[in-house]
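Participant: Handing you a structure now.
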Amino acid sequence: MKKLLAILLFAFTCAAFAQVPQSPGANSSKARAELEAMLTALGGQRWLALQNIYTYGRISGFYQGKPTGEIENYYSWRTPSGQERIEFGKKHDDVNIFTGSDCWEATYQGKRPLPKDICADFLRRRDHSIDVALRVWMNDPKTMLIDDGQTLSERHLTDQVTLINADNDSITIQMDAETHLPRSRTFQWRDPIYHDKDTDREEYDNYHPIDGFPTPFSVTRFHNGDETSQRYLYKAGYNVPLPPNAFNIDATIAHIKKK
């Protein structure tokens, strides 16, 4: 009898501590709550109302995870709508402009479309950014939100959420379990030549408050697990004055030639 009671007590204890599977509705609600916590950590309504973001820093190149030795300073102005202007060189005379689906380079020699692979890479990353995930995907009733549970990202405990849109495209975001700030963003796409899936991942670290907004001063990119670039910020700002005709390629060329 005592043995039977011991077995029943053990079974009851195991059942009490077993994890009850979440229903799809509860899982989705938890994922949304985690995304909303991330939005609040980023600045909430003030973050949603941003007009532009300015960053000045350096970018280092990697090939197959090893440094290439290429290090260059850059200056970037970006809007939540997806427009971006990036200036290189001591005289800021090499300018890349991304607006809509157009990708241009402006130099003393004039304008030229950026190579197709560079343009496609930018557009993919823009369409799978933290900005787009929170401003567009999360607010689309057709988007599925999935709580993937907790995992580690660069020794940080994170809450992981995957967003899947109506086109079966997805974005996976890892958020610091304590601060709720983004730790990584990952998405996949099918290679147009080899038809296998490629993986793009960005990791965010070294956050500092700038104008009241937590800003990652270190952004590392990976392609299929291999490190491809690192960006380190020297300076950042929000809602700053834009360069004249910031996203107008012809006006930019005219300004460069006047220097």
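A short reminder: the numbers here are calculations on the coordinates, not readings from a lab. Small disclaimer: the values here were computed from a predicted structure and weren't measured. In this analysis, Cβ positions are derived from the backbone assuming ideal geometry, glycine residues included, and neighbour counts consider all displayed protein chains.
Participant: Under the Kirkwood approximation for Rh and a Cα-based Rg, what ratio Rg/Rh is obtained for the range 207-259?
Facilitator: Answer for the range 207-259: 1.14.
Participant: Let me ask something additional. Calculate the translational D of the range 169-243 in whole µm² s⁻¹ from Stokes-Einstein, where the hydrodynamic radius comes from the Kirkwood formula applied to all Cα pairs, the temperature is 10 °C and the viscosity 1.306 mPa s.
Facilitator: Rounded to a whole number, D works out at 111 µm²/s.
Participant: With no solvent and one equal point scatterer per Cα, compute the Debye intensity ratio I(q)/I(0) for the range 33-155 at 0.14, 0.19 Å⁻¹ and report its log10, rounded to two decimals.
Facilitator: For the requested q values the scattering log ratios are -0.83, -1.24.
Participant: At 37 °C and 0.692 mPa s, grab the translational diffusion coefficient of the chain from Stokes-Einstein with a Kirkwood Rh over Cα pairs, rounded to a whole number in µm² per second. Kindly include the intermediate steps, with their values, before the conclusion.
Facilitator: On the way: Rh = 20.7 Å.
For the chosen part, D equals 159 µm²/s.
Participant: Shifting gears a bit: Let me confirm the definition first: pairs of Lys residues in the chain, 8 or more apart or on different chains, C-alpha distance under 28 Å. How many are there?
Facilitator: Lysine pair count for the chain: 26.
Participant: Compute the angle between helix 249-258 and the longest alpha-carbon principal axis of the chain, please, reported from 0 to 90 degrees and rounded to the nearest 10.
Facilitator: That helix lies at roughly 50 degrees to the long axis.
Participant: Please give the length that would be gained between residue 190 and residue 178 if that part of the chain were fully extended, namely 0.36 nm times their separation in residues minus their C-alpha to C-alpha distance (nm, one decimal). Don't jump to the answer; show the numbers that get you there.
Facilitator: Details: separation 12, 0.36 × 12 = 4.32 nm, distance 3.41 nm.
Full extension from residue 190 to residue 178 adds 0.9 nm.
Participant: Please compute the Kirkwood hydrodynamic radius over the range 121-208, one decimal place, Å, based on all pairs of different Cα atoms. Mind showing how you got there, number by number?
Facilitator: Numbers: mean 1/r = 0.0730 Å⁻¹.
Over the range 121-208, the inverse of the mean reciprocal pair distance is 13.7 Å.
Participant: Okay, moving on. Take residue 33 and residue 101, extend 7 Å from each Cα along the Cα→Cβ direction, and tell me the distance between the two endpoints in nm.
Facilitator: 4.1 nm
Participant: Here is a further query. Which residues make up the longest stretch of the chain clear of GluC sites (Glu not before Pro) that lie in a DSSP loop with no more than 13 other Cβ atoms within 10 Å, not counting the sites?
Facilitator: 1-153
Participant: Continuing with the same structure: In whole Å, how far is the Cα centre of the range 190-230 from that of the range 49-89?
Facilitator: If you average the Cα positions of each part, the centres end up 12 Å apart.
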